[in-house]
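The structure under discussion appears below in the form of structure tokens.
The values are calculated or read from the model by the stated rules, or taken from the named source; none is laboratory data. All figures in this text were calculated on a predicted structure; none of them were measured in a lab. Here Cβ is always computed from backbone atoms with ideal geometry, including for glycine, and neighbour counts include all displayed protein chains. Protein only, heavy atoms only, side chains kept; ligands, DNA and RNA dropped before computing areas. Shrake-Rupley method; radii C 1.70, N 1.55, O 1.52, S 1.80 Å.
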Amino acid sequence: MSTNVQIRLARDRVDSELLSSDKTPRLYTPGEVITAQHGYMRGHGTYMEGDDIKASVAGVMEKVNKLICIKPLKSRYVGEIGDVVVARVTEVQQKRWKVDTNSRLDSVLLLSSVNLPGGELRRRGVEDEQMMRNYLKEGDLISAEVQNIFQDGSLSLHTRSLKYGKLSQGVLVKVFPSLVKRCKTHFHNLPCGATVILGNNGFIWISPNTGTEGEDDGGFNQNLQESVTKSDREVIARLKNVIGSLAASKLMLYDTSIQYAFEASLKYEVHELLNQEAMFDVAFLTQHRLKLHED
């Protein structure tokens, strides 16, 4: 028996032991060979190179019968119809806006999927196309809802409800989409005096509680004249640091966990919440209180 054949048989035996073992799952890196055996089907996160199945992302292997997948540790947002998202406009095109929703492809906001100023209901014409940049332009932040999913995986959004629209003064926080808990509502007016929009795509918007801004003009109003008080700025900064503390400890983000973390952070100054010890302390107290609440 030749040396190459012996090496091949030994490699297949090792692959078989790794695939059939129930030990702690190991981490695969992009380009690493998962198995060289025949008879296995490649799933998400893998690709074929010759006779080898290799990982295309960094993650943990999941095997269902003969199907091999790699579940990535970090992933982009995969949208579902009805999801609330916070997005940034990246381009103005004909009858549509391209927006960044933290997904693999840019999402689309059609001109027919937004409210016209004043809530007017009619067909969109040439004048509306010419006015698109007055409604939304590059760099604007919006809140929207996923209306449809195209065949290539890109998302179609809409802002027909008055609770959606352009966002004005506030802070954007980016976390992993998997950390945002799916709830009945993702718009929360917290008792601390701030409004939080928890986007399913991992974009979180924190702003002062200003009531019903933008309801008279279809959600396109952007009030940059009204000054935000120092106390409101401190609350927003504290919420931003608190959300960062929870995300660093991989705790789920929703209104209750954020409120508990905000209360646990009051013993620290805002700038102290950037220290690692304070972040872990806030996360630990929040997790302990959530367990007591569940019990």
Q: Would you check if there is a residue in segment 54-77 being aromatic (Phe, Trp, Tyr), modelled with pLDDT of 85 or more, surrounded by 12 or more Cβ atoms within 10 Å (Cβ to Cβ) and within 21 Å of residue 181 (Cα to Cα)?
A: yes
Q | Residue ID - modelled with the highest pLDDT, chosen from residues in segment 121-166 that are in a loop (DSSP other than H, G, I, E, B), open to solvent by 60 Å² or more (accessible area, probe 1.4 Å) and hydrophobic (A, V, I, L, M, F, W, C) | A | 150
Q) Quick check, is residue 88 part of a helix (DSSP H, G or I), open to solvent by 30 Å² or more (accessible area, probe 1.4 Å) and under 23 Å from residue 203 (Cβ atoms)? A) no
(Q) Filter segment 86-102 down to the residues that are of a type in the set (Asp, Glu) and in contact (Cβ under 8 Å) with a residue 40 or more places away in the chain and list them by number. (A) 91
Q.
Anything in segment 39-64 that is in contact with an Asp or Glu (Cβ under 7 Å, 6 or more places away or on another chain) and either in contact (Cβ under 8 Å) with a residue 40 or more places away in the chain or farther than 25 Å from residue 250 by Cβ (or both)? List them, or say none.
A. 54
**Q.** Qualifying positions in segment 224-246 - out of contact with any strand residue (DSSP E or B) (no Cβ under 7 Å at 6 or more places or on another chain), assigned to a helix (DSSP H, G or I) and either among the aliphatic types (A, V, I, L, M) or open to solvent by 40 Å² or more (accessible area, probe 1.4 Å) (or both)
**A.** 230, 231, 233, 234, 237, 242
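Could you tell me which of the residues 67, 105 is over 15 Å from residue 167 (Cα atoms), touching a residue at least 24 places away in the same chain (Cβ under 8 Å) and touching a Ser or Thr at 6+ places or on another chain (Cβ under 8 Å)? Show your work before the answer.
Details: 67 fails: touching a Ser or Thr at 6+ places or on another chain (Cβ under 8 Å).
Being over 15 Å from residue 167 (Cα atoms), touching a residue at least 24 places away in the same chain (Cβ under 8 Å) and touching a Ser or Thr at 6+ places or on another chain (Cβ under 8 Å) holds for just one of 67, 105, which is 105.
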